[in-house]
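The values are calculated or read from the model by the stated rules, or taken from the named source; none is laboratory data. These figures come from a predicted structure and were not determined experimentally. Quick reminder, even Gly has a Cβ in these numbers, built from the backbone with ideal geometry, and neighbours come from all protein chains shown.
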Ligand code: CMP
């Protein structure tokens with residue numbers, strides 16, 4: 001019969017290093033889509049053991065497919081070419097002609113054949129029209145094989161270009177790279193709210209944010225500046241339990257920030273105190289020049 005899973009090239013069964021570019025495979029998604037896919041991966045017993053970096057890249061490289069009512073997504077017994085996440089619609093799982101169950105939006109599936117290089121263990125069929133995010137097997141393998149070293153180097157050189165961190169000793173910077181997380185924000189989304197307590201430090205890796213602050217005589221917070229790639233905010237939270245002094249609002253869809261959490265940082269970086277002293281000195285310098293400029297928050 002007709003295969004439920006056409007391959008775009010040849011079927012690549014073994015663990016040969018595939019030559020696929022992860023960079024070129026990324027598909028733009030809004031942050032709620034990314035969250036749906038990410039949560040689906042985290043809810044899957046097999047996929048949740050993957051490294052966070054790998055999960056992020058899987059989320060970025062998935063692309064949307066639409067299945068019509070009654071269409072087969074996976075055929076039991078066939079080789080598996082895709083890993084899937086159901087975004088919208090309803091699916092049923094069938095094994096040996098027996099209905100095993102239904103799958104609802106937010107479910108990752110098709111992971112077994114991809115992870116364990118086995119034949120499809122069951123069939124999956126669309127009960128109603130379904131929107132499904134798919135990642136092909138070669139891309140999955142590329143992501144898994146992309147060395148931790150390569151990613152480390154990428155973040156390392158980016159962090160080196162951030163003014164605050166440019167003079168930091170190499171081993172300290174490497175430790176920061178180890179405890180980074182990436183967060184995504186949509187246009188208009190608040191990343192930080194003035195007056196709230198904070199314990200995270202952000203570096204903008206993509207996009208722009210607006211910094212707004214309450215001013216005497218103004219009913220609404222006023223924009224005091226915008227920040228872009230390589231700029232950072234929330235650094236005061238790493239050195240003290242300060243309240244946030246301004247709002248930070250994403251100006252674009254898909255603003256990406258590298259996030260360092262104080263506790264995470266504390267746990268993973270044994271030399272936290274040294275870095276804390278370094279940052280403290282830096283922030284003190286900044287607040288001195290801030291005072292000179294009428295207490296306007298600093299520019300990085
Ligand atoms: P895979 O074997 O690659 O392809 C069929 C998919 O159906 C399988 O991965 C699982 O994601 C899913 N699946 C298999 N068995 C069950 C089950 N008993 N209940 C729900 N989903 C299943």
- Return yes or no: is residue 83 at pLDDT 95 or above, closer than 30 Å to residue 180 by Cα, within 15 Å of the ligand (Cβ to nearest atom) and touching a helix residue (DSSP H, G or I) at 6+ places or on another chain (Cβ under 7 Å)? yes
- So, of the residues in segment 33-47 that are within 11 Å of the ligand (Cβ to nearest atom) and in a loop (DSSP other than H, G, I, E, B), which turns out to be modelled with the highest pLDDT? 44
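For the structure I just gave you, tell me whether residue 93 is near the ligand (Cβ under 8 Å from one of its atoms) and surrounded by 13 or more Cβ atoms within 10 Å (Cβ to Cβ).
On the way: near the ligand (Cβ under 8 Å from one of its atoms): yes; surrounded by 13 or more Cβ atoms within 10 Å (Cβ to Cβ): yes.
Taking the combined requirement at face value, the residue satisfies it.
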- Note on the structure: For residue 115, the lone unmet condition from (1) more than 10 Å from the ligand (Cβ to nearest atom); (2) closer than 17 Å to residue 58 by Cα is (1)
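Return the residues of segment 102-112 that are near the ligand (Cβ under 9 Å from one of its atoms) and not in a strand (DSSP E or B); say none if nothing qualifies. Outline the logic, then answer.
Step one: of segment 102-112, the residues near the ligand (Cβ under 9 Å from one of its atoms) are 102-103, 107-112.
Across segment 102-112, the qualifying residues are 110, 111, 112.
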- Unique residue being surrounded by 20 or more Cβ atoms within 10 Å (Cβ to Cβ), touching a helix residue (DSSP H, G or I) at 6+ places or on another chain (Cβ under 8 Å) and closer than 24 Å to residue 204 by Cα when the list is 164, 159: 159
- Note on the structure: Every listed condition ((1) in contact with a strand residue (DSSP E or B) (Cβ under 9 Å, 6 or more places away or on another chain); (2) surrounded by 15 or more Cβ atoms within 10 Å (Cβ to Cβ)) holds for residue 196 save (2)
